[in-house]
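One structure is given here, and the rest of the page talks about it.
No value in this document is a laboratory result; all are computed from the given coordinates. In this text, all values refer to a predicted model and were calculated from it rather than measured experimentally. Using ideal geometry, Cβ is built from the backbone for each residue, glycine included, and neighbour counts are taken over all protein chains shown.
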Amino acid sequence: MHIGIVGAGQLGQMMAQAGAPLNIEFTFLDPAKAPCAAPYGRLLTADWDDADALHALIERADAITFEFENVSPRALEQLSSHRPAFPPSNALETSRDRLLEKSLFASLDIPLPPIARIDSQNDLEEAVARVGLPAVLKTRTLGYDGKGQKVLRHEQDIAGTFEELGGVPLILEGFVDFDHEVSVIAVRGRDGETRFWDISENEHRSGILHCAIPRQQHPCRQDAFRYAGQVMDALDYVGVMAFEFFVTANGLIANEIAPRVHNSGHWSIEGAQTSQFENHVRAVAGLPLGTTDLLTPCAMLNIIGAMPPAETLLALPGVRLHDYNKAPRPGRKIGHVTVLADSDEELQQRITQVENALINDLGIS
Ligand code: AMP
């Protein structure tokens, strides 16, 4: 079995690391000269849309998958008309447009904040009158890690804001007064079987994920699994999907889905019986899915902008290091550590030790 991956960053790298013991080979397509997944398979260096490179990927691969959702419709069409390509194109299209995504949640009765479609400054003024303040204004497409967003708190935040965000289609969301943020990572096989990892409690710093901790006893567990299952069934999904939620006094409020393996599920490499990467590869290859049970208390911490000496991290108990071999740059994810422990108390101590060793540069000026 040979899987073609559009993208050769750390997600592709970890998919290939998970597929290797199953004797699955990989070819990556990426415009970067030396992307971090390159040592783990064959590399096609070309633009995402390059028809010849897409053809070469089709020639080599039995099935295709993606590292990110912003694949052009033309590339998707070329790939999926020649090879099984997962997740399906409708899932990528839905999840890259916040309005389509939230309309899907609404159609499935999944709780979400009030939303409004914004195509002009006038729409924005009308929507604020309806949704109220505070509210969050987001670009419909191409936003990530809090980019392309603005929180509107006061009337004076509204003037000129449509142009300030680029004059592109936007969505206004009511501000959710949440207690914390969680995600659930789920997988659906080609036969429609679904599995779910434990809810992950996620802490962000400057809009970037800092720490993700699986919480077996989370009170919203069943709701999260049900909502993720509904979305995957509705999209006839195949592969791993992440669903991010706000946890409020009244339960879960949907934020967004990511049609791929997700940063908040990286702890599953060492912390679960089958990792998100292995189950994604299994789903794409049409193989049976593995059990997702948690093995031990664990957490994932991102390494952002600057890599501490490996000696420092590896001297700490229960630490597993993933150095993506990416050039350090403020705000860039260049690695992560999984912290493993025997109890929740020990885990918290070990997280603090790792936090003290990290020299993260979040790129805040
Ligand atoms: P997103 O790119 O939509 O995941 O948003 C990035 C971050 O902004 C989230 O992780 C939240 O911390 C915050 N955020 C996004 N939407 C809302 C909202 N409607 N209400 C409150 N906070 C939000």
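Laid out as a table, the results:
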quantity	calculated
Cβ crowding within 10 Å averaged over residues, with 156-167, 43-54, 280-291 ranked highest first	280-291, 43-54, 156-167
Charge sum, other residues only, whose C-beta stays under 13 Å from Arg42's C-beta, Lys/Arg counted +1 and Asp/Glu -1	-2
Environment charge at Ala234 (Cβ cut-off 12 Å; Lys +1, Arg +1, Asp -1, Glu -1)	-3
Sum of -39500 (n - 2.57) over DSSP H runs of 4+, divided by residues of the chain (222 nm, nearest 500)	-8000 deg cm²/dmol
Whole-percent pair-distance distribution, where bins are 10 Å wide, for the alpha carbons of segment 203-341	11, 36, 37, 15, 1
Positive minus negative residues near Glu67 (Lys, Arg vs Asp, Glu; Cβ under 12 Å)	-1
Relative exposure of Asp97, Asp323, judged by other C-beta atoms within 10 Å (fewest first)	Asp323, Asp97
Hypothetical label at Ile359: residues of segment 303-334 whose amide nitrogen lies under 14 Å (7 Å Cα-Cβ projection)	304-313, 328-330
Extension gain, Glu59 back to Leu321 (0.36 nm per residue minus Cα-Cα distance, nm)	90.8 nm
Prolate/oblate/rounded label for the chain (Cα gyration tensor, a/c 1.5)	rounded
Percent antiparallel among DSSP beta bridges (both partners in the chain, rounded to 5)	80 percent
